[in-house]
1. Tell me, what ³J(HN,Hα) does each residue in region 196-204 have, in order and in whole Hz, if you take phi through Karplus 6.51 cos²θ - 1.76 cosθ + 1.60 with θ = phi - 60° and put x for Gly and Pro?
2. Taking amide hydrogens as modeled 1.01 Å from N in the peptide plane, which residues meet the under 5 Å criterion relative to Glu106, leaving out close sequence neighbours?
3. Indicate, rounded to the nearest 5 percent, the antiparallel portion of the DSSP beta bridges found entirely in the chain.
4. In whole percent, what relative contact order does region 3-232 give with Cα contacts below 8 Å and a gap of six or more residues?
5. Quick check for you: which residues of region 148-188 have the amide N under 13 Å from the point 7 Å beyond the Cα of Gln104 toward its beta carbon?
6. What are the residues whose amide H is under 5 Å from the amide H of Asn203, where those residues sit 5 or more places off or on another chain and H is modelled from the backbone?
7. Roll a 1.4 angstrom probe over the protein heavy atoms and tell me the percent of accessible area of the chain that is carbon or sulfur.
8. With a Förster radius of 22 Å, plug the Cβ-Cβ distance of Asp8 and Thr89 into 1/(1 + (r/R0)^6) and report the FRET value to the nearest 0.05.
Amino acid sequence: MARFYDVDITNPLMLGTALYPSPAILKDAFKVSGAEIATVSLRREQGAGQDFWSLIKSMNLRLLPNTAGCYSVKEAVTTAYMAREVFDTPWIKLEVIGHTDTLQPEPFALVEAARILSEDGFQVFPYMTDDLVLADRLVEVGCRVLMPWGAPIGSGLGLNNEYALKTLRNYFPDIPLVVDAGIGLPSHAARAMELGFDAILLNTAVAKAQDPVKMAQAFSLAIQAGALGYQAGPMEVRDMASPSTPVIGKAWL
Ligand SMILES: CC(=O)[C@@H](O)[C@H](O)COP(=O)(O)O
C-alpha cells in the first residue's frame, strides 16, 4: 500500500489516459489493471470533448491532473491553478519540460514551480530526473512524493539509471517514490518495484500495445510480483557459486 499525501492507495499502478485506440479500450484497460489513479492533462485533452470527460468521470478514479506540455514556471503554475479549479483536487503532477527532444524536466523551473504551488496548498507530484540533489531541493520546497523518470516519456527504454533510482530509494526511505515515464515492458515495472519503489506511472506502453487491455493486465501482475519480491527480502547476490544442494554425506558415496 502506498500513501500519497493523506491518501492510501492499494494498487501501485497509475495510468495515463492518452493515446488509447478508443475510449472503450481505455475503459477496459483501467478496469483490468485495477488502477485507482489516472493522470489527465487539461491542456492535451482540452479538445477531447465531453464524451472523454464523462467517461473518465464514470470510471470513479482518483484524478491526478498534470501540467504536460508546459515549458516554463508561469505556464505550469497557471495550468495547475486551472486544473485545481476544474478537478477540485489539491493534487498536481508537475511537469516543466526543459528539452524538446528528450522531454527532460527543467530542474530549476521545476523546483521554483513546486515551491510556488506547495506554498499555496497544492500537493505536488513532481516529474523529475533521477538526480539526488534535485530530489533534495524538491523535498525542501514541500514535495512529499517524488516521481523520477525511468527514461524519456514515450521511449519505452525502461530504467536507464538503476543506480540513481536505488540512491533515491536509499536517501528518501520515507518519501513515496514513483517511477514515471519511459517504462516499456512489464519487467521494467517489476524491476522498479523490486528496487522498493512505491508505484509506477505509465501510459504509452499500455496505450500503444497491440492489445492494450492485455498489456494493462500484464503490468498489473508484474507490479504486484515486483512489490512482493521486494517485501519478501531478496537473497544476497554473490560473485561465487554456492551449492544449493547439501554436500553433507558426499564422502560416503
Ligand atoms: C501520461 C503522462 O503523464 C506521461 O507524461 C507520463 O510521464 C508517462 O510516460 P510514458 O508514456 O512514457 O509511460
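1. Residue by residue, region 196-204 yields x, 5, 8, 6, 10, 10, 8, 9, 4 Hz.
2. Result for Glu106 returns Val96, Ile97, Gly98.
3. Within the chain, antiparallel bridges account for around 15 percent of the total.
4. 20
5. Under cut-off, by backbone N: 149, 151-153.
6. Under 5 Å from the amide H of Asn203 lie the amide H atoms of Gly16, each far enough along the sequence or on another chain.
7. On the chain, the fraction of accessible area on carbon and sulfur atoms equals 54 percent.
8. Approximately 0.90, to the nearest 0.05.
The values are calculated or read from the model by the stated rules, or taken from the named source; none is laboratory data. Owing to the predicted nature of the structure, the values given are computational and were not obtained by experimental measurement. Because the Cβ atoms are built from the backbone with ideal geometry, glycine has one as well, and the counts that use them run over all protein chains shown. Remember, those area values only see protein heavy atoms, side chains included, never the ligands or the DNA or RNA. Shrake-Rupley method; radii C 1.70, N 1.55, O 1.52, S 1.80 Å.
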